[in-house]
Amino acid sequence: MFDELDLRPGDIAGIEDLRRLPLMDKAVYQGLTIQERGADDVPTGLCRTFQTSGTTGHPIRFLMTQRDFTFRNMNSARAYLASGYKPWQRMAVLAGDRMVNEKRSWNERLGLWRRREISSWKSPGQWLDDLTAWKPHFLIGRVTTLVLLAEAARASGHPLRGLRSVFASAEVLDDASRSLLKSEFGCPVLDFYLSFEGGCLAWECPACSGYHISADMVIMEVLRGDGTPAAAGEEGEVVITNLHSTAMPLIRYRQGDTVVLSTKQPRCGRRLPLLDRIYGRKEDMLTLPSGRRIAPQAVPHVFIPVPGIKRWQVVQTALDRLEISIEPREGFDDSARRLLREEMMKLLREDVRIDIIEVPEISRDPSAKSRPIISLVR
Ligand SMILES: [Zn+2]
């Protein structure tokens, strides 16, 4: 891309010059091999590998140096600390994986940064039991998962008490969900704007009305449809340049969300600029014949062990019927299809008909992020 524009790295001296570079689309980025995405001067053998859970329907593998990874963690830690978390408190995470990480690190054995993952493959009643037993001070989860938990707590008459704060992430925190979570958990609810590519991009400040952008970690551009910068108070598309992704550089990467920059100045003493609003998607839950509902964040994990999948989409057409569309790549054969069916049944555990359909391309809604999970069941 630099060559096409006759640019050299030395021509980029400031943020203004960054605008001379083209935008990087997710689809283009995903089409590159891991070698093409990696920096030439960082030995891949020394990197840590991560895979996105592919909540947008297409998992991406990432490399990070230990230093990139540490910066990313420290940035999240800063957001937690700013939100009232103390390192000796317990934090529970509602994770999408079936098997959660149960390894305890040295700091946890010393009683610091204690963290328990709870699999969203279990039922909301089991989440409630696990959380009641462990008594976390803080709870992190996706909005829909937290709403399922709040509803389970309300239905069972066993409210979850003792939480200092609930951190919501990954989906739009609408007013109705926020007030349900607040009243059910009896504590403040703070919204985090996270992305796999950029880590913690922004977090809601309890003192300022808005979200602080992690502007020392990532250059966040908010652009109009014509590519010019949006003014404060105006909606625009998020484009990020990650300052700490040296193993796999992300330059002007289209994150795919719409946000509004705040017209206000921070009041809390932090000089990180503020976002006023984040618009994103709200995911659909699957509802099964028994009435059981599946947290949407568990669904992408079904696809991780299955080879040969470029993108996927799950459409629930009836209570007992799922249509899984697959945009295949090499390796999506009969055994992959069988594995996909088995993995999906492990999650559903009910009599549901599953149709797997191969399509040349999964249709994408150009105005928004693609919706990987759609439920037509009312
Ligand atoms: Zn603030």
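The values are calculated or read from the model by the stated rules, or taken from the named source; none is laboratory data. In this text, all values refer to a predicted model and were calculated from it rather than measured experimentally. So basically every Cβ, Gly included, is an ideal-geometry build from the backbone, and we count neighbours across all protein chains shown. Just the protein is used for accessible areas: all its heavy atoms, side chains included, with ligands, DNA and RNA removed. Shrake-Rupley method; radii C 1.70, N 1.55, O 1.52, S 1.80 Å.
Note on the stretch 206-242: among residues that are under 11 Å from residue 259 (Cβ atoms), outside any strand (DSSP E or B) and open to solvent by less than 50 Å² (accessible area, probe 1.4 Å), the one that is farthest from the ligand (Cβ to nearest atom) is 230. When the residues of the stretch 170-192 are filtered to those that are closer than 13 Å to residue 144 by Cβ and buried (at least 21 other Cβ atoms within 10 Å of the Cβ), the one that is modelled with the highest pLDDT is 181. When 258, 246 are checked against the criterion of being away from the ligand (no atom under 16 Å from the Cβ), part of a loop (DSSP other than H, G, I, E, B) and closer than 29 Å to residue 62 by Cβ, a single residue qualifies: 246. Looking at the stretch 56-82, which of the residues that are buried (at least 19 other Cβ atoms within 10 Å of the Cβ) and of a type in the set (Gly, Ala, Ser) is modelled with the highest pLDDT? Only one residue fits best here, namely 79. In the stretch 267-299, of all residues being open to solvent by less than 40 Å² (accessible area, probe 1.4 Å) and within 16 Å of the ligand (Cβ to nearest atom), the one that is nearest to residue 121 (Cα to Cα) corresponds to 278. Residues that are surrounded by fewer than 22 Cβ atoms within 10 Å (Cβ to Cβ), away from the ligand (no atom under 14 Å from the Cβ) and closer than 15 Å to residue 78 by Cα within the stretch 193-205 comprise just one, 194.
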